[in-house]
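Throughout, read-outs are computed from the coordinates displayed, never taken from laboratory work. Given the structure is predicted, the values throughout are model-derived calculations rather than measurements. Don't worry about glycine lacking a Cβ; one is built from the backbone with ideal geometry, like all the others, and counts go over all protein chains shown.
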There are 2 protein chains.
Amino acid sequence: MNDQIPGAEPSHTIANLEIAAGKKEGKHYGMVFQDSDLYKWMETVGFALAVENDEKWEQVMDDVIDLLEQAQESDGYLNTFFSVNHPDKKWTNLKDDHELYCAGHLIEAATAYYEATGKEKVIKIVSRLVDHIISVLGPEDGKKRGYPGHPEIELALMKLYRVTNDQKYLDLCKFFIEERGQKDPHYFDVEAAEREGRDRWGFINYDYFQAHQPIREQTTAEGHSVRAVYLYSGIADLAAELQDEQLLDVSRKLWENTVNKRMYVTGGIGSSAHQERFTVDYDLPNDRAYTETCAAIALIFWAQRMVQIDGDGKYADIMERALYNGALSGISLDGKSYFYVNPLEVWPHTANHREDMKTVKTTRQQWFGCSCCPPNIARLLASLGQYIYSSNEHEAYVHLYIGGETQFTLNDHNISLKQETNYPWEGNVNITISTEQLSIFTLAVRIPGWCKDSTIMVNEEKTTYTVEKGYAKIQREWKQGDQVNLNFEMPVEVVRSHPEVRENAGKVALQRGPIVYCLEQADNGSNLQDVTLSGDIELTAKHEPDLLNGITILTGQALQTDRTQVQDQLYTTNSYQKVPKEIKAIPYYAWSNRGEGEMVVWIKEQ
Amino acid sequence: MNDQIPGAEPSHTIANLEIAAGKKEGKHYGMVFQDSDLYKWMETVGFALAVENDEKWEQVMDDVIDLLEQAQESDGYLNTFFSVNHPDKKWTNLKDDHELYCAGHLIEAATAYYEATGKEKVIKIVSRLVDHIISVLGPEDGKKRGYPGHPEIELALMKLYRVTNDQKYLDLCKFFIEERGQKDPHYFDVEAAEREGRDRWGFINYDYFQAHQPIREQTTAEGHSVRAVYLYSGIADLAAELQDEQLLDVSRKLWENTVNKRMYVTGGIGSSAHQERFTVDYDLPNDRAYTETCAAIALIFWAQRMVQIDGDGKYADIMERALYNGALSGISLDGKSYFYVNPLEVWPHTANHREDMKTVKTTRQQWFGCSCCPPNIARLLASLGQYIYSSNEHEAYVHLYIGGETQFTLNDHNISLKQETNYPWEGNVNITISTEQLSIFTLAVRIPGWCKDSTIMVNEEKTTYTVEKGYAKIQREWKQGDQVNLNFEMPVEVVRSHPEVRENAGKVALQRGPIVYCLEQADNGSNLQDVTLSGDIELTAKHEPDLLNGITILTGQALQTDRTQVQDQLYTTNSYQKVPKEIKAIPYYAWSNRGEGEMVVWIKEQ
């Protein structure tokens, strides 16, 4: 973001801020939402500092915060694109201009940094900014009844509300959510008329913005997938805070439509590159999947909220699916290159020759001009702890199985949990309880949706527990050093799609535990479309510690066309014989770390 | 073209000519190549008049020809777009401006009308036009070394040469073909520099125009498919005329690449909507096939030339495949609506929601703003006789089996052939010879490439013949009334693709005789992707005289998923059972005559 990576597309992000702060001459360069990349990075640093102090990074943050303070205008306005290039155009195009989106990311960064360090300066900056927003937007006479074209600030305002307990942030969030999609008139029409119709990217249908109808009437996931799922996350936050069951049901219905009709097996969402959007039920092409990394991350955000609200493992199942597959695929194993688009099939032979596949990159890129995804991965991974556990007064939830330690306060006792596991490669998880005194509480451990056979032991003995909504709930008096051992049987599974997913008709995917597999050309040669699995294929899982940073591979005997019979003709009435073909599948997230080549997730089944 | 069809997109074609002729005020409206639609219609009328006199149509033609004479400028220039709107821009952008393309279509129209009526006026108009072209373009000093961005005039000049026997037309054709793709400098760069770089549609790579290298170096079918195959047809004409074996080999190599690597089973070509072009070997997506009707027609033109040059049935096989499938699908059964794009799968559920499928129309249209295809179908069907037969001094060839009569002069004897057949529904063909005297010649009848079992009888007795390059050659002394009976066994065939065609992996197509079949929703319900054929499916052919103007349908028992087992989840480790499913396949050309619905040519195989 300070343009120090040789060969990467220039970003100008910090430079924009320096210009706005009057420390540098020049014009804003980059996307209208360029500031948000910085804010996502700041949030990442905030999360990292919450885990471990680092004076150097804290100093860098404080310098950036000083710069933000200098760039902020006297009325609280803060957005380098408009401050520098278009001061007369502020708040004239909420639909396209991302001012509220950038504000939302700054709020998220501020709360993360404040929670890590207790330093209030950045909170004061965002307070001034939000006060300015409240002076411009809202239901009161004389204000614009506007809301963001790109939702994000809703969930951010809920974070700010939880940090400050100031009702005005909750009210603003509620206003944005309830006002969205209201008609007679539609706010996007009102502001378009005022600016004489000019749009930033030409007119786009309102469903792209999830503003085609009031949110309480929406039942299907529509439009730009990241916008949609950021919005749905904010809705879940607001509904939970207000205990608004009707609004919660909106989130639940949208969830069911998303995951049961419009989600890839990797947890990727958004099947159309055009408008980066949802399309229609069961439209899930693999080679032209858009499945933006940010969208899989957004799905994780939403899932995290829903599992905490409903305590239902089905949300955590999707959170886990997206985390290990469609989100993690966005970053290379060395952490230095990224996919914006995460297709489930890649054909280098055609991808560079077909306009309709031009958004598919066949290898990860160092950075993007529109670089929303890299800092989004960073902030997700830096805050992973927030996804693994949650608690209420009496219950400690373990949603994900990832080694580490955490603390809870349960029934006023300080409890510590330590997880040790080789998950996702092995299904064995050991949890050690630390408590200074005997303590009665419920430990709720998720039985993954993919798992058909599990055992749970406490101190090496079978224990009693109830299973509620996918969680094994062990209620007992816990003492220091208690050991909980979970074992989830993890065979290789053959996964099939709903028969209306036409791109997957006659095809299967391979999964083991939460990991979705793929075939890559590096292991299996080219023409992966010709690989055929028989229904009763035996696949062997084997851990390869030296391959791709340590992965478990699957091997087995498939079939492929006997190429010695094939002649140089396109069409034939011959039936080619099949010959055995040894295959080796690797985790989908690990693909494209060995150069360019074909890749498929869905494999033909005999 | 005179804008008299209510509801169809306006064409303005005749109006443009009236304005150029000074009979009407106004500006040119329409595509830069709008004139060519009229010329293709004129050629069609010429072909129709060759078969049957019609005073009314001859009068219409003579009126149009008078109008053309009035629109022609004093120096011979004739193109309404430039004469009316841009007289200062003539011959400044051969790459984009279609002036030579329009001239080519006028030449074709002129030769057809002249051959039908003997009237020379239109030949004189095109002579003046070509003289003008020769004064502007050519290898001599002071002329532009230009050639058309859209090839077409090459094959037209060869027709004019054959009608007039004037060497200058042959020379101009040769110049255009040999100059194409020459570098140091490239002509398209030269003219671009002169007009300061302005392109009509922005810069497009030279392979789009088949101008990326000299034609004698080209070995793969590249770029805009109609341009390519018009060019290859002109090359074949020129090479045959000059007996230039090297140039003929260029055509042969391009042919093999086209039909063995880049052609759909329907005879459609051009697999990318973007630039309406060829892409790479084996890239043949069905749902995003472009396969422009004009391209299938152009392939028929090229095949006709190659079969006459090489006497090889493999060319006629493709001619027949394109004719009965990918070309014929371009027009509705009532002759009133058209496909520009001929996909092999159509999914109305998604086609209207995916930008990458937006070129696919789910039903035929009445007309197009860019309406190259409708008059191209018309001129093909009106001149069908030229494709059925050919002859040399001693041999009469029957390439296609279509009822009708024709005359040959063989060894100076006038011979007449009468074909009677229900082909393509039945494989039985009866040919009756008429001759005024005993006559020794060879009757060469094509044994279709799809046919594995044929019998040939003369006067109800087995006869001796040799088979050469797919033709059964019966040499004998023929007498008045001799009967030749051909029987081609026509079972239902299951067709498979080369294993590198990834879109067809695990799928089969159905064919009977030359007819490629499809499943349509009207007969088989929706979710056609779920229909599965077992390897040993028994399919029954049955003629239905009242269905879709009389077609032979195929019926049989396939399988589909037992939907009673399917739950509302996208992914499962369950294996769904299959249940029997009666299917009914109709000829591909006849699809989309019963409203909007799904259609597939390639069907999943178990």
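Laid out as a table, the results:
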item: Within straight-line cross-link reach of B:K144, lysines at Cα separation under 23 Å, skipping those fewer than 8 residues along the same chain; result: B:K89, B:K90, B:K95, B:K168, B:K174, B:K183
item: Length gained when the stretch B:E9-B:I440 is fully extended (0.36 nm per residue, less Cα-Cα span); result: 149.6 nm
item: Partner lysines for A:K56 [C-alpha distance under 19 Å; skip if fewer than 8 residues away on the same chain]; result: A:K40, A:K119, A:K121
item: Approximate spin-label separation A:S454-A:S74, in nm, with each point projected 7 Å along Cα-to-Cβ; result: 6.1
item: Chain A: relative contact order as a whole-number percent, Cα under 8 Å and 6+ apart; result: 10
item: Measure of compaction for the protein assembly as shown (Cα Rg per 2.2 N^0.38 Å); result: 1.08
item: Rg to Rh quotient for region A:76-156, alpha carbon positions, Kirkwood Rh; result: 0.98
item: Region B:1-69 versus region B:384-428: alpha-carbon centroid distance in Å; result: 33
item: Most to least packed among B:19-29, A:173-183 [average Cβ atoms within 10 Å]; result: A:173-183, B:19-29
item: Innermost chain A residue relative to the axis carrying A onto B, by Cβ distance in angstrom; result: A:D356, 2
item: Amide H contacts of A:G146 (H built 1.01 Å from N, under 5 Å, at least 5 apart or other chain); result: A:G138
item: For region A:133-195 and region B:433-495, distance of Cα centres in Å; result: 82
item: Karplus-derived 3J(HN,Hα), 6.51/-1.76/1.60, for each residue of region B:286-291, Hz, glycine and proline x; result: 7, 7, 10, 4, 8, 6
item: Dipole magnitude of region A:266-349 about its Cα centre (Cβ charges: Lys, Arg +1; Asp, Glu -1), debye to nearest 20; result: 180
item: Per-pair calculated FRET efficiency, R0 = 45 Å: A:K23 and A:Q167 via Cβ, rounded to 0.05; result: 0.75
item: Relative contact order, percent, region A:301-456 [alpha-carbon distance under 8 Å, six or more residues apart]; result: 17
item: Label distances, nm, B:D88 versus same residue in remaining copies, Cβ-directed 7 Å point; result: 3.5
item: Cα centroid of region A:276-297 to Cα centroid of region A:557-606, whole Å; result: 25
item: Peptide-level mean, for B:231-244, of C-beta atoms on other protein chains within 10 Å; result: 0
item: Shielding of B:347-358 by partner chains, average beta-carbon count, 10 Å; result: 6
item: The protein assembly as shown: calculated mean residue ellipticity at 222 nm from DSSP helix runs of at least 4, using -39500 (n - 2.57); result: -10000 deg cm²/dmol
item: Estimated inter-spin distance, A:T572 and A:K542, nm [label 7 Å along Cα→Cβ]; result: 3.3
item: Relative contact order for region A:228-373, counting Cα pairs under 8 Å that sit 6 or more residues apart, in percent; result: 22
item: Karplus-derived 3J(HN,Hα), 6.51/-1.76/1.60, for each residue of region B:298-313, Hz, glycine and proline x; result: 4, 5, 5, 4, 5, 4, 4, 5, 5, 5, 6, 6, 9, x, 10, x
item: Principal axes of chain B: Cα extent on each, largest first, Å; result: 75, 71, 49
item: Segment A:N352-A:K89, extension gain: residue separation times 0.36 nm, minus the distance between their alpha carbons; result: 90.8 nm
item: Förster radius 56 Å - calculated FRET efficiency between B:R563 and A:N549, Cβ distance, rounded to 0.05; result: 0.85
item: P(r) histogram, all alpha-carbon pairs of region B:1-196 included - 10 Å bins from 0, percent; result: 9, 36, 35, 16, 3, 0
item: Lysines with Cα under 21 Å of A:K452, excluding same-chain neighbours fewer than 8 positions away; result: A:K314, A:K462, A:K469, A:K473, A:K542
item: Size of charge dipole - chain B - debye, nearest 20, with Cβ of Lys, Arg +1 and Asp, Glu -1, no other charges; result: 880
